[in-house]
Amino acid sequence: MMISVIGVGYLGAVHAAAMAEIGHDVIGLDVDAERVAVLQAGRAPFHEPGFEDILRRGLAAGRLRFTTDYADLAQADVHFLGLGTPQRKDGYGADLSHLEAATESLRDVLPAREGAPTLVVGKSTVPAGTARRLADRVEQVEGVQLLWNPEFLREGFAVKDTLEPDRLVYGVRDPETLPAVAAVRRLDAVYAPILARDTPRLVMGYETAELVKASANAFLATKISFINAIAEMCEAVGGDVTDVARAIGMDDRIGAKFLRAGVGFGGGCLPKDIRAFIASAEEHGVGESLGFLREVDTINERRRARTVELSGEMLGILRGRRITVLGAAFKPDSDDVRDSPALDVADRLLQAGAQVTVTDPQALANASQRVPGLVVEADLATALRGAELTLLLTEWREYRDLDPVWAAGLVAVPRMLDGRSVLEPRSWAEAGWELRALGRSAPTPGPAPTAAPAPPDTARTLPALI
Ligand code: UDX
């Protein structure tokens, strides 16, 4: 089939290349000419394992190309909308302006057709009610039908999640009607190789499909903030959150995933999506129903503040101290720094007067762009050299596997704050490190740090120090 993907950001670019990979003729559109040129040249504009391979394969096979001109899309059978829906500048709600503008531009070039419907398929995360509104506009063109098909991909697994999703959700105007059946059949044809693997496919109304996506992200964010709240309790009473998570996760009803306590969630989706969900509930007069999501957001925010506070406790004073931050990306296997807890903490430490060096295997260019003046260092050994405190804030494999003896030989003082609770306390203590971890109460018993004693003002409280 001939397919267009409008908006080739993270979601759209991966979707376009994945649709070419399963045999369709795909044209990706973006208003950003530079991004289009980069993709057309076979280069990935972001770090995503496996993406460049399918991009290049699609281009080489002649099944994939990119454009900035809507007129080039007119002949496609199916048009996917992959536009971003960022948080509005003036509040919590989602900014739908890109999505709305793109839908209008598409509508202007869509030819009236008879026979099999031309599909417009929304993939962006949107507040309930958006699909129906867009459908009312675009379905004015004869033979056009809109479906809402939310995307659940995770960064770092985007190619796999697109080609082997857990489930496909189709939102339609009215699931019981004949036009809906025809539209569903047509979208089934697009996803035929995926459906052939017995992937569950669920058909429901527009608003329900929109709520599936918002609820999924809200649940994931809640699960993370839940375990981070328990981490706060662990710190207070002397418990270990990693043991709590392991033990409760063995109950199938709870499940072990998304119970990793630490510096909290970030990225381009969870933070803004829970806020958009709160705003949408308030608009519909049921703000109280999702009021708990404000608490989820607050707990998440508090973990970042606590990391800075604990750094102050460990150093005695932040101003002028040499701190190395391991990680800038919001999660491993990504170069995305949008609302990254790691980068936010690094920035707060910088604002508090510390001399901060940030290292990351992939995200340094994006980090420098976002936080001007940040000192970044790509080489791990160089970044560690001379540090009086090291923070592990993004759990890249190279940081999880860091040899504590080797690292101790580089830093000025073997003092580590493990913001993702991934380091094995005993081996770090044995190598002479003072190790503190979020959600793991007191300093780990073990040999005292070998290097310089803490400065004399250790007992002063943090606010006075920064
Ligand atoms: C998320 C959803 O998982 C995905 O389904 C949706 O389509 C887009 O948003 P993503 O933003 O790629 O995907 O990241 P995810 O893997 O969900 O992680 C989000 C944040 O939560 C990261 O900062 C991660 O470090 C943090 N996290 C995750 C935790 O702090 N603890 C956990 O246990 C899991």
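Yes or no: ALA261 within 24 Å of LEU402 (Cα to Cα), assigned to a helix (DSSP H, G or I) and within 10 Å of the ligand (Cβ to nearest atom)? Spelling it out, it is not the case that ALA261 is within 24 Å of LEU402 (Cα to Cα), assigned to a helix (DSSP H, G or I) and within 10 Å of the ligand (Cβ to nearest atom).
Could you please find all residues in region 264-285 being part of a helix (DSSP H, G or I), among the small types (Gly, Ala, Ser) and within 16 Å of the ligand (Cβ to nearest atom)? Working first, answer last.
Applying the first criterion (part of a helix (DSSP H, G or I)) to region 264-285 yields 270-283.
Next cut, among the small types (Gly, Ala, Ser) only: 276, 279-281.
Listed by number, the list holds a single entry, ALA276.
Residue pairs whose Cβ atoms lie under 7 Å apart, sitting 6 or more positions apart in sequence or on different chains, and linking a residue in region 210-224 that is on the phi < 0 side of the Ramachandran plot and charged (D, E, K, R) to a partner that is part of a helix (DSSP H, G or I) and away from the ligand (no atom under 11 Å from the Cβ), are GLU210/THR130; GLU210/ALA131.
Sub-7 Å Cβ pairs linking a first residue in region 182-195 that is in a helix (DSSP H, G or I) to a second residue that is of a type in the set (S, T, N, Q) and surrounded by 18 or more Cβ atoms within 10 Å (Cβ to Cβ), at least 6 apart or interchain, are ALA183/GLN145; LEU187/ASN149, ordered by first then second residue. Of all residues in region 345-371, those satisfying the criterion of being surrounded by fewer than 24 Cβ atoms within 10 Å (Cβ to Cβ) and within 22 Å of the chain's Cα centre (by Cα) are ASP347, ARG348, PRO361, GLN362, LEU364, ALA365, ASN366, SER368, GLN369, ARG370, VAL371. Based on what the data block shows, is GLU288 over 26 Å from LEU153 (Cα atoms), more than 18 Å from the chain's Cα centre (by Cα) and within 15 Å of the ligand (Cβ to nearest atom)? Spelling it out, it is not the case that GLU288 is over 26 Å from LEU153 (Cα atoms), more than 18 Å from the chain's Cα centre (by Cα) and within 15 Å of the ligand (Cβ to nearest atom).
Okay, residues lined up against (1) away from the ligand (no atom under 16 Å from the Cβ); (2) touching a residue at least 60 places away in the same chain (Cβ under 8 Å); (3) of a type in the set (Asp, Glu):
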residue: SER368; (1), (2), (3): yes, no, no
residue: THR394; (1), (2), (3): no, yes, no
residue: ARG400; (1), (2), (3): no, no, no
residue: GLY409; (1), (2), (3): yes, no, no
residue: ASP418; (1), (2), (3): no, no, yes
residue: TRP428; (1), (2), (3): yes, no, no
residue: GLY432; (1), (2), (3): yes, no, no
residue: ARG436; (1), (2), (3): yes, yes, no
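Here GLU235 meets the list (1) closer than 24 Å to THR130 by Cα; (2) away from the ligand (no atom under 15 Å from the Cβ); (3) surrounded by 14 or more Cβ atoms within 10 Å (Cβ to Cβ) almost entirely, failing just condition (1).
Counting only residues that are assigned to a loop (DSSP other than H, G, I, E, B) and of a type outside the set (A, V, I, L, M, F, W, C), which one in region 426-443 is modelled with the highest pLDDT? Show your work before the answer.
Our first condition is that a residue be assigned to a loop (DSSP other than H, G, I, E, B); within region 426-443, this holds for 431-433, 438-439, 441-443.
Filter once more, keeping what is of a type outside the set (A, V, I, L, M, F, W, C): 432, 439, 441, 443.
Details: GLY432: 97, GLY439: 93, SER441: 75, PRO443: 56.
Within region 426-443, the match that is modelled with the highest pLDDT is GLY432.
If you go through region 239-287 and pick out every residue that is crowded, with 22+ Cβ neighbours inside 10 Å and among the basic types (Lys, Arg), you end up with 1.
The values are calculated or read from the model by the stated rules, or taken from the named source; none is laboratory data. Here the structure is a predicted model, which is why all the values come from computation and not from measurement. Cβ atoms come from the backbone with ideal geometry, glycine included; neighbour counts cover every protein chain shown.
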